[in-house]
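Read the structure below first, then the notes.
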Number of protein chains: 2
Amino acid sequence: MGDTTKQVPFVKGLEGVAVAISSISHIDGKAGRLIYRGFSVEELAQYSNFEEVAFLLWHGKLPTDFELTDFKRKLARERSLSSEISQLLRLLPASSHPMDVLRTAVSAMGVLYRRCDGSGFSLIEDAISILSKIPTVLAAFEAARNNRPPVLPSAELDHAANFLYMLHGKLPEEKVARVFDAILILHAEQEMNASTFAATVTASTLSDIFSAITSAIGTLKGPIHGGASERVIEMLDEIGDPANVETFIEEKMSAGKRIMGFGHRIYKTYDPRAVVLKSMAKELVKSDPGRKRLEVALKLEEVVVERLGEKGIYPNVDFYSGIVYSELGIPKDFFTAIFAMARCAGWAAHIMEYTESNRIFRPRAIYEGSTDLRYLEEKAKARCE
Amino acid sequence: MGDTTKQVPFVKGLEGVAVAISSISHIDGKAGRLIYRGFSVEELAQYSNFEEVAFLLWHGKLPTDFELTDFKRKLARERSLSSEISQLLRLLPASSHPMDVLRTAVSAMGVLYRRCDGSGFSLIEDAISILSKIPTVLAAFEAARNNRPPVLPSAELDHAANFLYMLHGKLPEEKVARVFDAILILHAEQEMNASTFAATVTASTLSDIFSAITSAIGTLKGPIHGGASERVIEMLDEIGDPANVETFIEEKMSAGKRIMGFGHRIYKTYDPRAVVLKSMAKELVKSDPGRKRLEVALKLEEVVVERLGEKGIYPNVDFYSGIVYSELGIPKDFFTAIFAMARCAGWAAHIMEYTESNRIFRPRAIYEGSTDLRYLEEKAKARCE
């Protein structure tokens, strides 16, 4: 076959291959730094808030006070769900995974709320709608599966506080809301990870942002991507006590298995987000089961870093996040959905940036197979088998 | 920043970059050949049928008679929708685009029908469920938006004939069913195109096949991917008469605009599928508006190939497909969904193959931006603006 496919480079999983030029975020995996639009994620988590970070990611600059107030108002105005989405949430079984529910709801939103169609409405308006409604969908599903009426969103509260309010039906303590806001900032953006990449591939066919974010949610759901934090908690509970850590690691390592919550394709030292989450966990955790989990986690970190640190294996963002989420009263099967709620800001930023100077993704596969089978011959053979 | 990102290769849209090793299909873009598992797509369209081609794509070999009968029976058994999906279809407005409906329905199926969870059910069983239910979803939505009760699937009919039966409420002529079956074969698989790639990226996080196919549907929807056939018909109707073709092309070319239905990233000669679709169109079309459209299309092809053929611009798979679909009584906004109905076979094949020796997609972006902004400083500046 006169073709050049075999001459193109092949890198499995596109490790280290650049697929876009971007000014949204940067990871320095050796130094353990994560930068959003020039700012370190630690500074943003300390001083900024989630809405401001979303504005920064989308517009490339910090908002003025007026812009921030305006942006927050727009977000707050978009929080309510139409009756179709509320009915959809009640249709889905209580046993559904929140990520499956979220993927389906955002897809349905594409039918009900899409405005960006070349008639004057911008991509940012659709992005605001999706970002604002994700928390409402999640809280409404939590209410529906517990046979409670949903708590309606409050326009008085910020994004983070409003979610906790809808989820628990009461105003969160200010300190708790602040921690949750910082968590959303830490998870808002992470360069070209798998879910962001999926969103970009979908958007590159000039499909709509609802389709692109639906792809991202389905991708984040995978247990080796966003699904890891759920698994970490299960692992910590399985270990049960710091005294069991050594044996646990021996067993995993001799079986050649990964230890959940450690290692990252790009970070080869401490993930800066893990550092912040660890100190949050230490500050928040007061009693069991959180205290026990934290003890196990600290011991696990100590032993893993001692043994594998020189290979670049350190706690990643998922390692301490579950402990913190649990302390905030977030159900375990919601962990990945919280990740999605935050990362939606980054997904939308990449969709906007990539489609600005778009090129459809159309890679190749290297073909290893026959090229000259004849149907009637092979069919006759298959018949005789 | 001590980082190596700038040293990795960057190819926009991953043109020519291999992302997988595959034995599913091969495109020889210079010779105009498309091979599924060793067989040319023209031979398959002529002699095989869609179910057999799906089996071939998934299992890598033609089925024995027993295997084909068994596979067809399994597919037919999975066609019905549960009441939740039927209710969902009635919730969505009649004005919804069928691709948005399909994306939402397949996502919801992930909640309702998923069985592959490590407990003995295979990925192929979930793939069968999705492949079988897509036609039922589309026909049920067509019924719902026209205030008709849905036509229930018939287990007596093959995949292609059953869809036309559900869509129109009457048995299709054998010749028509045969043409539609061949169309599904032609669209079943096309190596690592954007939608297949999106499905593969999603599956690479070990997310489920419903998530992966939901991503593919949202990606295929884009007007520069699967959405093109709809646009071709609009263009042919806009031109209206073969006499207007020259002027139309002059205007488009001098404005530097693309002519819909021509050119392909890989085929640099006649797309073999376009050749088959063209002869189908010639055979089927009897009266207006089809006849007029075909006349315009033939003239358009003549002039475009004359002018741009040496640059490798030829009719692609979308150019004649719309004319054929219209003759089969398929509504214009269903064209891309028909593509999805067929391509689902290829998507599932790639999901199965890639995850067999999986590696998560985690490319990079080349960062072009600041790395050292300080929040409090910049915030103070933003305040003064």
| task | Could you list all residues from segment B:194-209 that are without any contact (Cβ under 8 Å) to a residue 60 or more places away in the chain and open to solvent by 10 Å² or more (accessible area, probe 1.4 Å)? | result | B:S207
| query | Which one of A:E238, A:E230 is within 14 Å of chain B (Cβ to nearest Cβ) and in a helix (DSSP H, G or I)? | reply | A:E230
| said: Condition first: open to solvent by less than 30 Å² (accessible area, probe 1.4 Å) and touching a residue at least 60 places away in the same chain (Cβ under 8 Å). Now tell me which residues in segment A:50-86 satisfy that. | reply: A:F50, A:E51, A:V53, A:A54, A:L57, A:W58, A:L75, A:A76, A:R79
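Okay, residues lined up against (1) in a helix (DSSP H, G or I); (2) open to solvent by less than 40 Å² (accessible area, probe 1.4 Å); (3) closer than 25 Å to B:P172 by Cβ:
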site	(1), (2), (3)
B:V304	yes, yes, no
B:Y320	yes, yes, yes
B:A342	yes, yes, yes
B:E353	yes, no, no
B:G369	no, no, no
| query | So which of B:V41, B:V8, B:V19, B:V53 ends up being under 30 Å from A:G29 (Cβ atoms) and at pLDDT 95 or above? | reply | B:V19
| Members of segment B:323-338 that are assigned to a helix (DSSP H, G or I) and open to solvent by 10 Å² or more (accessible area, probe 1.4 Å) | B:S326, B:E327, B:K332, B:D333
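Kindly provide the set of residues from segment A:158-173 that are open to solvent by less than 20 Å² (accessible area, probe 1.4 Å) and touching a residue at least 60 places away in the same chain (Cβ under 8 Å), ordered by number. Give the derivation first.
Taking segment A:158-173 and keeping what is open to solvent by less than 20 Å² (accessible area, probe 1.4 Å), we get A:159-164, A:166-167.
A:H159, A:A160, A:N162, A:F163, A:L164, A:L167, listed by residue number.
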| Positions within segment B:206-220 being modelled with pLDDT of 95 or more and either farther than 17 Å from A:T104 by Cα or of a type in the set (A, V, I, L, M, F, W, C) (or both), in sequence order | B:I209, B:F210, B:A212, B:I213, B:A216, B:I217, B:L220
| said: Can you go through B:R90, B:R73, B:R103, B:R79 and tell me which one is basic (K, R), farther than 26 Å from A:S370 by Cα and modelled with pLDDT under 95? | reply: B:R90
| query | Among the residues of segment B:376-383, is there at least one that is within 30 Å of A:G38 (Cβ to Cβ), in contact with a Pro (Cβ under 8 Å, 6 or more places away or on another chain) and either open to solvent by 10 Å² or more (accessible area, probe 1.4 Å) or not aromatic (F, W, Y) (or both)? | reply | yes
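I'd like the full set of residues that are under 20 Å from A:H350 (Cβ atoms) and open to solvent by less than 30 Å² (accessible area, probe 1.4 Å), limited to segment A:27-39. Let's see the steps before the verdict.
Pass one, segment A:27-39, residues under 20 Å from A:H350 (Cβ atoms): A:27-29, A:33-39.
Scanning segment A:27-39 gives A:I27, A:D28, A:G29, A:L34, A:I35, A:Y36, A:G38, A:F39.
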| note | Contact list, first residue from segment B:373-385 and at the interface with chain A (Cβ under 8 Å from one of its Cβ atoms), second anywhere and open to solvent by less than 50 Å² (accessible area, probe 1.4 Å) and in a helix (DSSP H, G or I), beta-carbon distance below 6 Å, six or more apart or interchain, is B:Y375/A:E43
| remark: Checked against (1) assigned to a helix (DSSP H, G or I); (2) not assigned by TED's automatic domain parsing to the domain that holds B:G32, B:K286 satisfies every condition except (1)
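Of the residues A:V276, A:V245, A:V303, which is outside the structural domain of A:R114 (by TED's automatic domain parsing), within 28 Å of A:P98 (Cβ to Cβ) and not small (G, A, S)?
Numbers: A:V245 fails: within 28 Å of A:P98 (Cβ to Cβ); A:V303 fails: within 28 Å of A:P98 (Cβ to Cβ).
When all the criteria are applied, what remains is A:V276.
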| Top-ranked residue in segment B:236-255 [being over 19 Å from B:E295 (Cα atoms) and of a type in the set (A, V, I, L, M, F, W, C); ranked as surrounded by the most Cβ atoms within 10 Å (Cβ to Cβ)] | B:M253
| Every residue from segment B:142-157 that is over 19 Å from B:S86 (Cα atoms) and surrounded by 18 or more Cβ atoms within 10 Å (Cβ to Cβ) | B:L157
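Could we say that B:T202 is closer than 30 Å to B:R362 by Cβ and in contact with a His (Cβ under 6 Å, 6 or more places away or on another chain) here? Spell out the reasoning first.
Working: closer than 30 Å to B:R362 by Cβ: yes; in contact with a His (Cβ under 6 Å, 6 or more places away or on another chain): no.
Judged against the criteria, B:T202 is not a match.
The values are calculated or read from the model by the stated rules, or taken from the named source; none is laboratory data. Since the structure is predicted, the reported quantities are computational estimates derived from the model, not experimental observations. Please note: Cβ atoms are built from the backbone with ideal geometry, for glycine as well, and neighbour counts cover all protein chains shown. SASA here: full protein model, heavy atoms, side chains in, ligands and nucleic acids out. Shrake-Rupley method; radii C 1.70, N 1.55, O 1.52, S 1.80 Å.
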